[in-house]
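Inspection log for the structure reproduced underneath, given as structure tokens.
The values are calculated or read from the model by the stated rules, or taken from the named source; none is laboratory data. In this text the structure is predicted, and so the values were computed from the model without any measurement. Note that each Cβ is placed from the backbone with ideal geometry, even for glycine, and that neighbours are counted across all protein chains shown. What goes into the accessible areas is simple: the full protein's heavy atoms, side chains included, and nothing from ligands, DNA or RNA. Shrake-Rupley method; radii C 1.70, N 1.55, O 1.52, S 1.80 Å.
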Amino acid sequence: MKSSNGTFRATRLVATTFGILVGLAGIDHGIFEILQGNVAPDGVMVSAIGPAQRFWEYGTEVALTLIPNFLISGILSVLIGLLVVVWSIAYIDRKYGAGILMLLSLALFLVGGGFAPIFTAILASLTATRMNRPLTFRSAGLAARVRDLLAPIWLGALIAFVVTFFVSVEIAIFGWPLTAFFDADTSFAILNLLAFIMLGLMLLSVLTGLAQDSRQRS
């Protein structure tokens, strides 16, 4: 099934969701950078969450910024993050939608929007390029069987990714609930494991979304 402008729905929803999360992550980093105030960072590699705002030992949210001022860096991260969210929702299916999303995400990365979102942004942009050109599977044989196996789970995979994303962000900032049961080092190790799970779910969301649109097309 297609949306009103002809874009295949599953792939578009996956790309849009990824883009929204990139923007929200940038806004999150920006808010904490704003809280650090009108001060200069020690270098281009910064902790978006300063010592005064930190909730646990590893709750730093490392980022890169070319702006030598936390307040300005934070404001730019929030504004560009909002642009990424709006673009992902309203314009990602335009002719240059994927490319502009990538440029906005790169700008977000360079002003302090965080490291993790840039990887999601790359995958979102690549996925967006396939919205009107879903993968072609043979009508019979192994490829078609794989497609039919993957297609029904596309929405579940995407929901699982979104839930894992928000859980990971909450733990990264607050440490809770892991720090209530484990020491900081063990909690951080579990958080890293969640990052690998999230990466797997991201890739699964893309593959299953493409499979769903291919099946609808056929």
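Let me have the relative contact order for the chain, percent, based on Cα pairs under 8 Å that are six or more residues apart.
About 28 percent, as a whole number.
Under 5 Å between amide hydrogens, which residues at least 5 positions from Val62 or on another chain qualify, with H placed 1.01 Å from N in the peptide plane?
Under 5 Å from the amide H of Val62: Ala48.
Can you bin every Cα-Cα distance in the stretch 145-185 into 5 Å intervals starting at zero and give me the percent of pairs per bin, rounded to whole numbers?
Answer for the stretch 145-185: a P(r) of 5, 20, 17, 15, 12, 10, 8, 8, 4, 0 percent.
Evaluate E = 1/(1 + (r/R0)^6) for Leu155 and Arg94, where r is the Cβ-Cβ distance and R0 equals 30 Å; express this FRET efficiency to the nearest 0.05.
Working from the Cβ atoms, E equals 0.80.
For helix 154-174, report the angle its Cα long axis makes with the longest principal axis of the Cα atoms of the chain; keep it between 0 and 90° and round to the nearest 10°.
It works out to around 0 degrees.
Hey, what's the chain come to in accessible area per residue, 1.4 Å probe, Å²?
Working: 10930 Å² over 218 residues.
Accessible surface, normalised per residue, equals 50 Å².
Using alpha-carbon positions, what is the distance between the centroids of the stretch 139-216 and the stretch 18-61, in Å?
Answer, in whole Å: 24.
Towards the positive end of the charge dipole of the chain, with charges on Cβ (+1 Lys, Arg; -1 Asp, Glu), say which of Ala184, Gly156, Ile118 has the farthest Cα.
Sorting the options by dipole projection puts first Gly156.
How much of the accessible area of the chain, in percent, comes from carbon and sulfur atoms when a 1.4 Å probe is used? Please report the intermediate quantities before stating the final value.
Values: 7870 of 10930 Å².
After summing per-atom areas, the C and S share lands at 72 percent.
[x] 28.1, 99; [y] 15.8, 43; [z] 18.8, 62: which one is Rg and Dmax of the Cα atoms in Å as calculated from this entry?
The calculated read-out lines up with [z].
Whole-Hz ³J(HN,Hα) for each residue in the stretch 103-108, computed from phi via Karplus 6.51 cos²θ - 1.76 cosθ + 1.60 with θ = phi - 60°, x for glycine and proline: what do you get?
Going residue by residue, I get 5, 4, 5, 5, 4, 4 Hz, with x marking Gly and Pro.
So for each of 70-80, 168-178 I average, over its residues, the number of other beta carbons within 10 Å; can you give me the resulting order with the highest mean first? Each step should come with its number before you reach the end.
Details: 70-80: 22.3, 168-178: 16.9.
With the highest mean Cβ count within 10 Å placed first, the list reads 70-80, 168-178.
Go ahead and estimate [θ] at 222 nm for the chain from helices alone: -39,500 (n - 2.57) per DSSP H run with n ≥ 4, summed, over the residue count, rounded to 500. Walk me through the intermediate numbers first.
On the way: 7 runs with 140 residues, N = 218.
Calculated from helices alone, the mean residue ellipticity at 222 nm is -22000 deg cm²/dmol.
By how many degrees, 0 to 90 and rounded to 10, does the Cα axis of helix 70-90 deviate from the longest principal axis of the chain?
Relative to the chain, helix 70-90 is tipped by roughly 10 degrees.
Between rounded, prolate and oblate, where does the stretch 1-119 land on the alpha carbon gyration tensor, with a ≥ b ≥ c its root eigenvalues, rounded for a/c under 1.5, else prolate if a/b exceeds b/c? Walk me through the intermediate numbers first.
On the way: a/c = 3.06, a/b = 2.33, b/c = 1.31.
Taking the square roots of the gyration eigenvalues as a ≥ b ≥ c, the stretch 1-119 is prolate.
Under 14 Å from the Cβ of Ala48, count the other residues' Cβ atoms, weight Lys and Arg +1, Asp and Glu -1, and hand me the total.
Working: positive: Arg54; negative: Asp28, Glu33, Asp42, Glu61.
Combined, the nearby Lys, Arg, Asp and Glu give -3.
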